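Okay, handing you the structure first.
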Amino acid sequence: MLKGRLGLETARIPHADRHGLIWLERGELCVIDGCLHFMAGKNSLTPHVDQIPHQAVSMILLGPGSSVTHDALRLLARHGTLLAAVGQDGVRSYTAPALLPDRSDIARRQAELWGNPRRRISVARHMYALRLGEVLPHRDLDILRGIEGSRVKAVYALMAEKYAIPWAGRHYDRANPNATDTPNQAINHAATAVQAAAAIAVQALAVIPQLGFIHEDSGQSFVLDIADLFRESVTLQVAFSAAKRALDGDATSIDRLVRREAATVFRKQSVIPAMIDKIKQVIRMEELDGPGRSSDA
């Protein structure tokens with residue numbers, strides 16, 4: 001077998017030296033002459049083939065209209081390059097095979113902070129400070145949740161006023177999320193889209209999704225923690241913008257309006273890279289690089 005066939009050479013670039021994410025959609029991810037390629041428009045008269053530098057990226061996001069060959073999966077696994085099947089522009093996260101990175105420092109750091117009750121509440125307070133714009137003196141999680149909940153109610157009202165949308169309060173029926181008014185439906189769909197983006201960021205860094213600092217019961221607790229950091233700047237902006245279009249007469253379903261708006265915002269604001277930076281910030285990775293660890297807030 002020739003050297004290089006299906007990536008059998010032993011060289012592997014550490015994830016710390018790679019270039020983040022690459023987005024592909026509407027084509028086939030395959031192997032040609034031992035190298036990874038993406039054939040866009042495979043069934044068209046003018047297919048376009050690009051070679052993908054799989055060893056130089058940490059994660060490939062495979063969007064709608066795409067397929068992947070068995071050889072491509074073997075090549076990605078051999079070089080530790082992550083692959084995720086996602087919706088357009090990351091508004092959905094369907095699956096990400098656990099190929100795992102070549103480092104465990106971020107996951108170990110997360111477990112260290114989560115496993116120490118004092119440091120865990122410190123991280124939670126930090127996350128609330130990022131959301132509320134101030135460091136609250138309270139160290140009881142239930143009190144922090146109550147303060148955040150009352151402030152979010154005020155933010156809902158302000159956003160409704162900004163977009164000139166009638167607002168009767170936040171209502172959500174988990175059993176039937178569509179059984180409510182248009183603004184609330186838009187918030188539900190926008191939250192789903194932002195959680196998908198957060199899931200991609202969590203998968204890209206291989207942190208542990210179950211170990212949340214504010215959310216506790218969900219298997220995606222840390223994903224929900226990160227998504228909430230973007231509630232006002234992304235989720236509500238997307239939701240109320242889409243709701244405004246729907247109430248102004250756009251006949252498109254509210255789900256599709258939200259997904260389109262979310263895709264646009266994700267691209268313009270580089271939401272997923274911003275989430276990756278936020279994860280590193282709340283996990284306090286900079287403390288591991290400095291001469292000593294900072295004291296808890």
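The values are calculated or read from the model by the stated rules, or taken from the named source; none is laboratory data. The structure displayed is predicted, hence computed values, not measured ones. Cβ atoms come from the backbone with ideal geometry, glycine included; neighbour counts cover every protein chain shown.
Can you tell me which residue within the stretch 127-150, out of those that are surrounded by fewer than 17 Cβ atoms within 10 Å (Cβ to Cβ) and modelled with pLDDT of 90 or more, is farthest from residue 80 (Cα to Cα)?
Going through the qualifying residues, I end up with 129.
Something else about it: Would you please name the residue that is farthest from residue 204 (Cα to Cα), looking only at residues in the stretch 102-118 that are surrounded by fewer than 17 Cβ atoms within 10 Å (Cβ to Cβ) and of a type in the set (Lys, Arg)?
118
Let's see how each residue does on (1) exposed (fewer than 15 other Cβ atoms within 10 Å of the Cβ); (2) touching a residue at least 12 places away in the same chain (Cβ under 8 Å); (3) at positive phi; (4) not polar (S, T, N, Q):
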| position | (1), (2), (3), (4) |
| --- | --- |
| 158 | yes, no, no, yes |
| 163 | no, yes, no, yes |
| 171 | yes, yes, no, yes |
| 175 | yes, no, no, yes |
| 182 | no, yes, no, no |
| 196 | no, yes, no, yes |
| 202 | no, yes, no, yes |
| 205 | no, yes, no, yes |
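Is the stretch 227-236 home to any residue that is of a type in the set (Asp, Glu) and either at pLDDT 95 or above or in contact with a helix residue (DSSP H, G or I) (Cβ under 8 Å, 6 or more places away or on another chain) (or both)?
Within the stretch 227-236 (the criterion being of a type in the set (Asp, Glu) and either at pLDDT 95 or above or in contact with a helix residue (DSSP H, G or I) (Cβ under 8 Å, 6 or more places away or on another chain) (or both)), the answer is yes, since at least one residue qualifies.
Give me the residue from the stretch 208-233 that is aliphatic (A, V, I, L, M) and more than 12 Å from the chain's Cα centre (by Cα) and, out of that set, nearest to residue 154 (Cα to Cα).
Per the criteria, the residue is 214.
List pairs: first in the stretch 135-149 and assigned by TED's automatic domain parsing to the domain that holds residue 120, second surrounded by 13 or more Cβ atoms within 10 Å (Cβ to Cβ) and among the hydroxyl-bearing types (Ser, Thr, Tyr), Cβ under 7 Å, 6+ apart or cross-chain?
Matching pairs, first to second residue: 136/128; 144/128; 148/128.
Out of everything in the stretch 241-297 that is over 24 Å from residue 192 (Cβ atoms), in a loop (DSSP other than H, G, I, E, B) and within 26 Å of the chain's Cα centre (by Cα), what residue ends up being modelled with the highest pLDDT?
283
Then there is this: Please go through the stretch 230-245 and pick out each residue that is more than 14 Å from residue 265 (Cα to Cα) and surrounded by fewer than 24 Cβ atoms within 10 Å (Cβ to Cβ).
Once the filter is applied, which keeps residues that are more than 14 Å from residue 265 (Cα to Cα) and surrounded by fewer than 24 Cβ atoms within 10 Å (Cβ to Cβ), the stretch 230-245 yields 244, 245.
Output the residue which, of all residues in the stretch 207-220 that are of a type in the set (A, V, I, L, M) and closer than 27 Å to residue 60 by Cβ, is surrounded by the most Cβ atoms within 10 Å (Cβ to Cβ).
Among them, the one singled out is 207.
Quick check, is residue 91 aliphatic (A, V, I, L, M), over 23 Å from residue 34 (Cα atoms) and in contact (Cβ under 8 Å) with a residue 24 or more places away in the chain?
So residue 91 passes the test.
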